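Contents: one structure, followed by commentary.
The values are calculated or read from the model by the stated rules, or taken from the named source; none is laboratory data. Just so we're clear, the structure is a prediction, and the values are computed from it rather than from any experiment. We place every Cβ from the backbone using ideal geometry, glycine too, and count neighbours over all the protein chains shown. Heavy atoms of the whole protein, side chains included, go into the accessibility calculation; ligands, DNA and RNA do not. Shrake-Rupley method; radii C 1.70, N 1.55, O 1.52, S 1.80 Å.
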Amino acid sequence: AVEEVVVRVRNGLYYRSVRTRFGPSLPSSSGVAGKSLRSPVWPAGLTASNILGFTTQNPALLEFATTANNPSTAYPQVRAIFKTRRPKERLLLSAEEGAILEILRDRASTSDLSFEETHERFLRLLAPPEMFEKLVKASLNEPARVRAMLGAIGDELGYSPALLSELRESVDCVLR
């Protein structure tokens, strides 16, 4: 018979541990991070690349992006790398959408795929129009390189000029 044990992770956060042949199971760092922080988190860095299929590497420490100022000191029990102060426009994004913005922000530097394979993966990920539109709206306060890459991919996918003009104008403002 499998015995379940409730373990206190921190004040107000509990985990139901399951006994395995290797001992009690442990809560996942991503689960603890997601429940511990008052601000949402999105995968970043190697974690985002792994989740979206740009790499098969598993990071030793999970990486997350958040709109919070300094979550690592507020919750020291969460063993992860936090990239802080991301734009508030991300609050309505899913984990996958936030991860896409993080990979674009890092110029896909954590991708183990060739340039062509990385390009094809972005085209597949950004093919759903509703996702692309959400990312355009959320990216308006991202660095210009993110908006430029998103616009180039959207142009290649044949999205409406009206939608792409929003990105183009926001990048042109930076260049003037």
Residue 150 being loosely packed, with under 15 Cβ neighbours inside 10 Å, closer than 21 Å to residue 67 by Cβ, in contact with a helix residue (DSSP H, G or I) (Cβ under 8 Å, 6 or more places away or on another chain) and in contact (Cβ under 8 Å) with a residue 12 or more places away in the chain | no
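So that you can scan it fast, the table gives a plain yes or no per residue for (1) at pLDDT below 75; (2) on the phi > 0 side of the Ramachandran plot; (3) open to solvent by 50 Å² or more (accessible area, probe 1.4 Å); (4) in a strand (DSSP E or B):
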| residue | (1), (2), (3), (4) |
| --- | --- |
| 6 | no, no, yes, yes |
| 14 | no, no, yes, yes |
| 17 | no, no, no, yes |
| 31 | yes, no, no, no |
| 47 | no, no, no, no |
| 91 | no, no, yes, no |
| 107 | no, yes, yes, no |
Please state which one of 27, 87 is surrounded by 13 or more Cβ atoms within 10 Å (Cβ to Cβ), modelled with pLDDT under 80 and either within 14 Å of the chain's Cα centre (by Cα) or of a type outside the set (Gly, Ala, Ser) (or both).
-> 27
Can you tell me which residue within the stretch 49-63, out of those that are open to solvent by 10 Å² or more (accessible area, probe 1.4 Å) and not in a loop (DSSP other than H, G, I, E, B), is farthest from residue 108 (Cα to Cα)?
-> 62
Here are some conditions: (1) surrounded by fewer than 20 Cβ atoms within 10 Å (Cβ to Cβ); (2) modelled with pLDDT of 95 or more; (3) in contact with a strand residue (DSSP E or B) (Cβ under 7 Å, 6 or more places away or on another chain). Residue 102 meets all but one. Which one does it not meet?
-> (1)
Checking residue 78 against (1) modelled with pLDDT of 95 or more; (2) crowded, with 19+ Cβ neighbours inside 10 Å, the condition it does not meet = (1)
Whichever residue in the stretch 113-134 is in contact with a helix residue (DSSP H, G or I) (Cβ under 8 Å, 6 or more places away or on another chain) and not in a helix (DSSP H, G or I) and, among such residues, is least open to solvent (accessible area, probe 1.4 Å) = 126
Starting from the stretch 154-174, keep only residues that are over 19 Å from residue 104 (Cα atoms), then list their pairs with residues that are modelled with pLDDT under 90 and open to solvent by 90 Å² or more (accessible area, probe 1.4 Å) whose Cβ atoms are within a distance under 7 Å, requiring at least 6 positions of separation or different chains.
-> none
Residues of the stretch 124-176 being among the acidic types (Asp, Glu) and either modelled with pLDDT under 95 or under 14 Å from residue 97 (Cβ atoms) (or both), which ones?
-> 130, 133, 142, 166, 169, 172
